[in-house]
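Structure first, commentary second.
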Amino acid sequence: MNHNSPTIADPSAPDSDSLALCVLSSSSAGNCSALLYTRNGERSLFLIDLGLTPRRTFRHLAEVGLAGVPIAGALLTHLDTDHCKATWAGLLPESTRLYVHRRHRGRAEREGFLYRRCEVFDGPFALAPGLEVRPLLQSHDELGVVTYRFEQASREAALGFATDVGHATEELVRHLSGVHTLAIESNYCPRLQAASSRPEFLKRRIMGGSGHLSNRECATATQQIAPSKHVVLLHLSRECNTPELAGLGHRGRGYAVTTAEPDRPTDWIRIEASEAVKA
Ligand SMILES: [Zn+2]
C-alpha cells in the first residue's frame with residue numbers, strides 16, 4: 001500500500017550503514033515489526049514486539065529476506081497478548097536480548113519473560129553501537145505503553161514508533177518530532193466503532209483516551225509530529241476500520257504512506273536523515 005515513492009532497502013544487500021523498518025504484521029490480533037540495522041556491512045536484526053507466534057514470526061522474516069538471520073534483540077511496547085505472545089516465553093534464543101521497561105518488569109517476570117538476557121530500561125540506551133533508543137512511557141491501561149525514538153547517529157536518521165497510546169500527548173509529539181519515518185497506530189473509525197456489536201465497556205476503553213488512537217487523532221498527531229518522509233499506519237482494527245478510512249487524513253500531506261496489514265509484511269522502509277536535521 002505505498003503511495004508516492006518510498007525508499008526501500010534490500011535486506012539481502014545491505015549498505016555499509018543503514019536502518020530499515022518492515023512491519024511483519026499489525027492488527028488487534030498480533031503485532032510484530034522488524035528493524036534491520038547495518039553497520040560496517042554487518043547486519044543486526046531487532047524485533048519491536050513479539051505479538052505473533054514464533055512460527056509465524058520466522059515465516060514472515062523468511063518472506064522479507066531474513067531467513068536464518070539471528071534476532072539480536074526484541075523490544076516490547078507493553079505485554080498485552082497482541083504485542084507479546086506467551087508462547088515466546090522460554091523460546092527466545094539464548095543470544096537474543098529482551099528489552100523490557102521497568103514498569104513492565106513485574107508482569108514480564110510473572111509471565112516467564114525475565115531471564116538471563118533481559119535488559120530492564122527506564123531511560124535512553126544504546127541498542128547497538130551507533131544506534132540510540134529513546135523510550136517514552138505513555139498511558140495505556142494499567143501499566144502504560146512504551147513509545148520509541150530510534151536514532152542512527154552516523155546518518156542522523158530517526159524513526160518514531162507509537163502504538164496503543166490512547167491519545168497523543170504534547171510530550172509524545174515533542175518526543176517524536178521531525179523523525180524521518182513515523183510508525184503510528186490508526187486504530188479505529190469512531191462511526192464504525194459506535195455502530196459495532198462490541199460491548200459498551202470495550203468501546204469506552206478503546207475510545208476513552210488511554211486505549212487507542214482514532215484515524216482522526218492519528219492524522220492530527222502526525223501533522224504535529226511532522227515526519228519528513230514516511231508514515232506507517234499501524235494496528236488498524238479489522239472490525240472498526242478500513243485502510244481507505246485510515247488513509248483519508250493523510251492525503252496530500254507530502255509524505256509517503258504505508259498501511260500495515262494483519263496478514264502480510266510491508267515493504268522494507270529505509271530510514272534516512274530527515275530534511276530538518278540535514279539543514
Ligand atoms: Zn495492541
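In whole angstrom, note down how far apart the Cα centers of the stretch 13-64 and the stretch 215-250 are. If you average the Cα positions of each part, the centres end up 21 Å apart. In a fully extended conformation the segment linking Arg117 and Thr81 would gain 10.9 nm over its present Cα-Cα distance, using 0.36 nm per residue.
At an R0 of 22 angstrom, the distance between the Cβ atoms of Thr242 and Ala29 translates into a FRET efficiency of 0.85. Quick one: among Thr266, Thr220, Thr147, which has the greatest mean-square fluctuation in a GNM of the chain with alpha-carbon springs under 10 angstrom? Evaluated over the chain, the most mobile residue of the options is Thr220.
Positive end of the dipole of the chain (Cβ unit charges, origin at the Cα centre): among Ala20, Cys218, Val232, the Cα lying farthest that way belongs to Cys218. For the stretch 170-279, the spherically averaged projection of the C-alpha convex hull amounts to 7.4 nm². A cut-off under 13 angstrom between Cβ atoms defines the neighbours of Gln223, and their net charge, with Lys, Arg +1 and Asp, Glu -1, is +2.
Take every DSSP beta bridge whose two residues both sit in the chain, then give the antiparallel share in percent to the nearest 5. Of all bridge pairs located within the chain, approximately 60 percent are antiparallel. In the calculated pair-distance distribution of the stretch 107-216, the portion above 26 angstrom amounts to 32 percent of the Cα-Cα pairs.
Take the Cβ atoms of Ala195 and Thr53, set R0 to 41 Å, and the FRET efficiency comes out at 0.80.
Charging the Cβ of each Asp and Glu at -1 and of each Lys and Arg at +1, and nothing else, the dipole of the stretch 134-238 about its Cα centre rounds to 320 debye. The charge dipole of the chain, taken about its Cα centre with unit charges on the Cβ atoms of Lys, Arg (+1), Asp and Glu (-1) only, comes to about 320 debye. In the frame of its principal axes, the chain has Cα extents of 51, 47, 34 Å, reported largest first. Placing unit charges on each Cβ (+1 for Lys and Arg, -1 for Asp and Glu) gives the chain a dipole about its Cα centre, and among Thr81, Ala195, Tyr255 the Cα reaching farthest toward its positive end belongs to Ala195.
Sites listed here are trypsin sites (Lys or Arg not before Pro) in the stretch 102-159 whose DSSP assignment is loop and whose Cβ has at most 15 other Cβ atoms within 10 Å: Arg116, Arg117.
Think of each Lys and Arg Cβ as +1 and each Asp and Glu Cβ as -1; about the Cα centre, that makes the dipole of the stretch 229-278 roughly 200 debye. Sorting Lys229, Lys203 from the fewest to the most surrounding beta carbons within 10 angstrom yields Lys203, Lys229. Taking Cβ atoms as reference points and 12 Å as the exclusive limit, the residues near Val23 contribute a net charge of -4, counting Lys and Arg as +1 and Asp and Glu as -1. Given their separation in residues at 0.36 nm each and the Cα-Cα distance between them, Phe125 and Arg110 gain 2.9 nm when the chain is fully extended.
Taken together, the values in this text are just the output of simple stated rules run on the coordinates, not laboratory data. Source: prediction; values computed, not measured. All Cβ positions, glycine included, derive from the backbone under ideal geometry; neighbour counts span all protein chains shown.
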